[in-house]
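Heads up, the thing below is written out as structure tokens.
The values are calculated or read from the model by the stated rules, or taken from the named source; none is laboratory data. Here the structure is a predicted model, which means the values were calculated and not measured. Cβ coordinates were reconstructed from backbone atoms using ideal geometry, including for glycine residues, and neighbour counts include every protein chain displayed. What goes into the accessible areas is simple: the full protein's heavy atoms, side chains included, and nothing from ligands, DNA or RNA. Shrake-Rupley method; radii C 1.70, N 1.55, O 1.52, S 1.80 Å.
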Amino acid sequence: MLILHEDLAVAIGEFAATIGELAESDLNRPLQLALKNLSDVQKKAQDLSHTQAQEDAMTEMSDWMRGTF
């Protein structure tokens, strides 16, 4: 699970960066704002995925130490 969450976080971050760059291009204002908001949401999703990956790592280590892994 750790690798899946970390890979997901990386992919979300790349998507957020791409959307952010697109939002800065010469688009009409409402579309720019919508893309900026989407980029912000994706950055938050990336943060949450990183946090989940860290939590997964702690759980796996705890399980391993208890011998239940």
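Report, in deg cm²/dmol and to the nearest 500, the calculated mean residue ellipticity at 222 nm for the chain, where each DSSP H run with n ≥ 4 adds -39500 (n - 2.57) and the sum is divided by the residue count. Present the calculation step by step, with values, prior to reporting the outcome.
Working: 2 runs with 60 residues, N = 69.
Counting only the DSSP helices, I get -31500 deg cm²/dmol.
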Which of (1) 18, 44, 26, 11, 1; (2) 21, 63, 15, 1; (3) 23, 34, 21, 14, 7, 2 gives P(r) over Cα pairs in 10 Å bins from 0, in percent as computed here? It is (3)
Placing +1 on each Lys and Arg Cβ and -1 on each Asp and Glu Cβ in the chain, then taking the dipole about the Cα centre, the residue among GLN46, ALA34, MET61 whose Cα reaches farthest towards the positive end is ALA34
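State, as an integer percentage, the relative contact order of the chain based on alpha-carbon contacts under 8 Å between residues 6 or more apart.
Working: 59 pairs, mean separation 30.3, N = 69.
In percent, rounded to a whole number, it is 44.
For the chain, what is the accessible area per residue in Å², given a 1.4 Å probe and the full set of protein chains?
On the way: 5180 Å² over 69 residues.
Heavy-atom SASA per residue in the chain reads 75 Å².
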A 1.4 Å probe over the protein heavy atoms gives the chain a carbon and sulfur accessible-area percentage of 62
